[in-house]
Amino acid sequence: MHIETRGRGPALALIHGWAMHGGLFAPLTERLADRYTLHLVDLPGHGHARDSEAPLEPESLAASLVAQVPDAVWLGWSLGGQFALRAALDHPDAVRGLVMVAASPRFVAADDWPHGVGPNLFRDFGDALRRDFRGTLEGFLALEALGSTSAQEELRSLKSHAFERGEPSERVLLEGLTLLDRLDLRDELPALTVPSLWISGRRDRLVPAGAMPASAALAPDARSVVIAGAGHAPFLGATDEVAAEIDAFMQALPAAVTP
């Protein structure tokens, strides 16, 4: 992994989504770095860590993350939420709070979970990735922006920054799609012992907005916020609102040791 640190104050660590990197959080870092120490993670195979051969294994990566960044609030966007949630569940003494941004404990719909995508979406993306690597990634960027009231602006931002640190590894992208397809952490949410904030976009086409309130209802000391005009990357289209929600959540937590 690669972790870039900037800012000053209580620690907030941010984990990106599938095929992305920590640089995509630039709009948030601009608004929060004057009050918080921000740790921007590039997962193995992504961004500055694209040459890493470490597997995308949530338990081991969560342990490594909290060892490198203790006493932090962890924010996970989309796939990144699986690692942030794992850290909060497994290492509550090292995690002060959890922010899930368009990140569901289960991404695929089921009979008892209508808040997901169809059962073949991620498998189809995997097949397409093997046929047309770059074209499939660009198609995924379009899907992330789809629905937002600022979709064209968000898509331009995603396209301009997604590959500025090089293309992600095909191996970890396939591993990530497998995680998105198979993981289901709903049964573990009642055991979550740290405060959590669940931020979603009402127009999200990858994580239906109902997933976040439903998830928050399963966890103690949790709150859900649905942003009306936002899609799958609300920190791009509704940056000020997302930053304000994160700020309020951080300020409400017990005092932390300031670096």
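The values are calculated or read from the model by the stated rules, or taken from the named source; none is laboratory data. From a predicted model like this one, the values you see are computed outputs, not experimental measurements. A quick note on method: Cβ atoms are made from the backbone with ideal geometry, for glycine too, and the neighbour counts reach across all protein chains shown. Accessible surface areas use protein heavy atoms only, side chains included; no ligands, DNA or RNA. Shrake-Rupley method; radii C 1.70, N 1.55, O 1.52, S 1.80 Å.
Assorted remarks:
- Selection status of Asp204, out of contact with any Lys or Arg (no Cβ under 6 Å at 6 or more places or on another chain), assigned to a helix (DSSP H, G or I), in contact (Cβ under 8 Å) with a residue 40 or more places away in the chain and not aromatic (Phe, Trp, Tyr): no
- Any hit, the stretch 2-20, residues being touching a strand residue (DSSP E or B) at 6+ places or on another chain (Cβ under 7 Å), among the acidic types (Asp, Glu) and open to solvent by less than 40 Å² (accessible area, probe 1.4 Å): no
- When Glu57 is tested against (1) touching a residue at least 40 places away in the same chain (Cβ under 8 Å); (2) surrounded by fewer than 22 Cβ atoms within 10 Å (Cβ to Cβ); (3) within 29 Å of Leu121 (Cα to Cα), exactly one condition is not met: (1).
- For Leu197: the one exception among (1) touching a Phe, Trp or Tyr at 6+ places or on another chain (Cβ under 7 Å); (2) assigned to a loop (DSSP other than H, G, I, E, B); (3) open to solvent by less than 10 Å² (accessible area, probe 1.4 Å): (2)
- Considering Leu89, Leu98, Leu75, Leu85, the condition of being surrounded by fewer than 24 Cβ atoms within 10 Å (Cβ to Cβ) and closer than 22 Å to Arg186 by Cβ is satisfied by Leu89 alone.
- Enumeration of residues in the stretch 176-194 that are surrounded by fewer than 20 Cβ atoms within 10 Å (Cβ to Cβ) and more than 18 Å from His91 (Cα to Cα): Thr178, Leu179, Asp181, Arg182, Leu183, Asp184
- Any chance Ala142 is within 18 Å of the chain's Cα centre (by Cα), in a helix (DSSP H, G or I) and small (Gly, Ala, Ser): yes
- Count of the stretch 223-243 residues which are more than 17 Å from the chain's Cα centre (by Cα) and open to solvent by less than 60 Å² (accessible area, probe 1.4 Å): 1
- All positions within the stretch 163-184 that are assigned to a loop (DSSP other than H, G, I, E, B) and either among the polar types (S, T, N, Q) or in contact with a Leu (Cβ under 6 Å, 6 or more places away or on another chain) (or both): Ser169
- Single unsatisfied condition, Phe163 versus (1) over 30 Å from Leu218 (Cβ atoms); (2) aromatic (Phe, Trp, Tyr); (3) buried (at least 20 other Cβ atoms within 10 Å of the Cβ): (3)
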